[in-house]
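The values are calculated or read from the model by the stated rules, or taken from the named source; none is laboratory data. Since we're looking at a predicted model, the values are computed, not measured. Counting neighbours? That spans all protein chains shown, and the Cβs are built from the backbone with ideal geometry, glycine included. To get the accessible areas, we keep the full protein, side chains included, count just its heavy atoms, and leave off ligands, DNA and RNA. Shrake-Rupley method; radii C 1.70, N 1.55, O 1.52, S 1.80 Å.
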Amino acid sequence: MFTTTGSRGLYKAPLSKGLLLVLNGLTVMLTLLPQYQELFIYNLQAVTQQHQVLRLLCGRLVCLDVKDAFCSSLLIYNFRIFERRFGTRKFASFLLGTWCLSALMDFLLAQTFQYLFDYEVEELPAGLLAPVFALFVPFYKLIPRMPVTQVLGHIHITNKSLVYIVGLQLLTSSPFMWLLALSGLISGGLYHSNVLWLQKLIFVPAWVSCIGRYILEPLFSSSQPSSETPLGMGATLDIQRQQRMDMLDQQLLLAQYQESRRNMRQQPQSGLLQWTRLFPSLRQRGQNRPPMQPHPQAQTHPSSQSPLLDNSSVAEEQVARLVEMGFSRVDALEALRASNNDINMATNFLLQH
């Protein structure tokens, strides 16, 4: 459904999986027990006048509307791509920072609306909605568009169109949902651009990340998906579907690498969430190896040349493409030789090892 996130489910995304399970579970419980919904209503007057801080925490986490919970869950599932590729701690820091900033923005926008239109906003839709809207900022800036099809020959459908449609559905679900959306987009833009060093002021500490890694991550971690498909009815269709999804994944990775290279040439980003530095551990693989010194052809003996560096059967153009992505030449030669010069399989091999 969402081609921007790949076909690996919630693998390497324990925080996203925990949010989906816990928050949706609480939404179902509150639907079955409506007498406790009063505690989770996001009432601005109760927070400002009666100083009910617990209502602020509960009202901005759990959705009381099933439609809002469903749409926000689809968006969280889609945005798990940031946790998978940039780490759980950075992803949690982004959610925490935008949650705190959007809480302040909610009251500022409500006061501004009351001043301009003489209408007091008492309640806002409950749930983790503003941080979800904040994730549209890095999604818009960092995820490249890939055309999928066309409607009526003029309307282009990309891999991001369905995500924006779900966001639009969530935006129109409640009268004052636009206020939360605006609050989330502003907070997401401020935190993503690191205005006033917000990424260094609001973040998840290392000790909290260690506690979550050893206590919570084992509960919500997902096993690595197997490449083998069980035999039975529909097995051939499942294999073909998986192959198509894997091909889309590789095309997306190549497009993202090219986009990140262009962004790094224009303006390097700094701060806690360095979104354009994709897979830094893979970039460091080639840095630990000694640089290859070119030798004259006359001094090279066939018997002393390592078969690992023999690139006679490897296309030099494909090696250059992998080197431009950030991999070392030795790793690129290994991957291309192991994949029989298949650039997609070689990229997948380098990303998984």
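A few points about this structure:
- Given (1) open to solvent by 50 Å² or more (accessible area, probe 1.4 Å); (2) touching a Lys or Arg at 6+ places or on another chain (Cβ under 8 Å), index of the condition Trp99 fails: (1)
- Considering residues of segment 141-170 that are among the β-branched types (Val, Ile, Thr) and touching a helix residue (DSSP H, G or I) at 6+ places or on another chain (Cβ under 8 Å) only, the residue most open to solvent (accessible area, probe 1.4 Å): Val148
- Residues located in segment 174-201, provided they are part of a loop (DSSP other than H, G, I, E, B) and under 14 Å from Ala130 (Cα atoms): Ser174, Phe176
Residues checked against (1) within 23 Å of the chain's Cα centre (by Cα); (2) crowded, with 24+ Cβ neighbours inside 10 Å:
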| site | (1), (2) |
| --- | --- |
| Ala92 | yes, no |
| Met105 | no, no |
| Val121 | no, no |
| Leu129 | yes, yes |
| Val132 | yes, yes |
| Phe139 | yes, no |
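- Of all the residues in segment 185-196, those that are surrounded by fewer than 19 Cβ atoms within 10 Å (Cβ to Cβ) and in contact (Cβ under 8 Å) with a residue 40 or more places away in the chain number 2.
- Segment 28-77 - residue that is of a type in the set (Phe, Trp, Tyr) and more than 26 Å from the chain's Cα centre (by Cα) and, of those, least open to solvent (accessible area, probe 1.4 Å): Tyr42
- Within segment 339-350, residues that are more than 12 Å from Arg321 (Cα to Cα) reach partners that are surrounded by 16 or more Cβ atoms within 10 Å (Cβ to Cβ) and of a type in the set (Ser, Thr, Tyr) with beta carbons closer than 7 Å, at six or more positions or on different chains, in the pairs Met345/Ser339; Phe349/Ser339.
- Breaking point among (1) over 24 Å from Leu190 (Cβ atoms); (2) in contact (Cβ under 8 Å) with a residue 40 or more places away in the chain; (3) out of contact with any Ser or Thr (no Cβ under 9 Å at 6 or more places or on another chain), for Thr48: (1)
- In summary, Ser173 fulfils each of the numbered conditions (1) within 23 Å of Leu26 (Cα to Cα); (2) hydroxyl-bearing (Ser, Thr, Tyr); (3) open to solvent by 50 Å² or more (accessible area, probe 1.4 Å) with the single exception of condition (3).
- Within segment 142-168, being under 15 Å from Asn78 (Cα atoms) and in contact (Cβ under 8 Å) with a residue 60 or more places away in the chain holds for Leu142, Ile143, Pro144, Asn159, Lys160, Leu162, Val163, Val166, Gly167.
- Residue check for Arg329: modelled with pLDDT of 75 or more and open to solvent by 90 Å² or more (accessible area, probe 1.4 Å): no
- Residues that are within 18 Å of Lys90 (Cα to Cα), at pLDDT 65 or above and either of a type in the set (Ser, Thr, Tyr) or touching a helix residue (DSSP H, G or I) at 6+ places or on another chain (Cβ under 7 Å) (or both) occur in segment 218-227; there is at least one.
- Which listed residue, of Phe117, Phe86, is at pLDDT below 95 and open to solvent by 80 Å² or more (accessible area, probe 1.4 Å): Phe117
- Near pairs, Cβ below 9 angstrom, 6+ apart or cross-chain, from segment 106-135 (in contact (Cβ under 8 Å) with a residue 60 or more places away in the chain) to any residue that is among the basic types (Lys, Arg) and open to solvent by less than 50 Å² (accessible area, probe 1.4 Å): Asp106/Arg60; Leu124/Arg60; Ala126/Arg60; Gly127/Arg60; Leu128/Arg60; Leu129/Arg60; Ala130/Arg60
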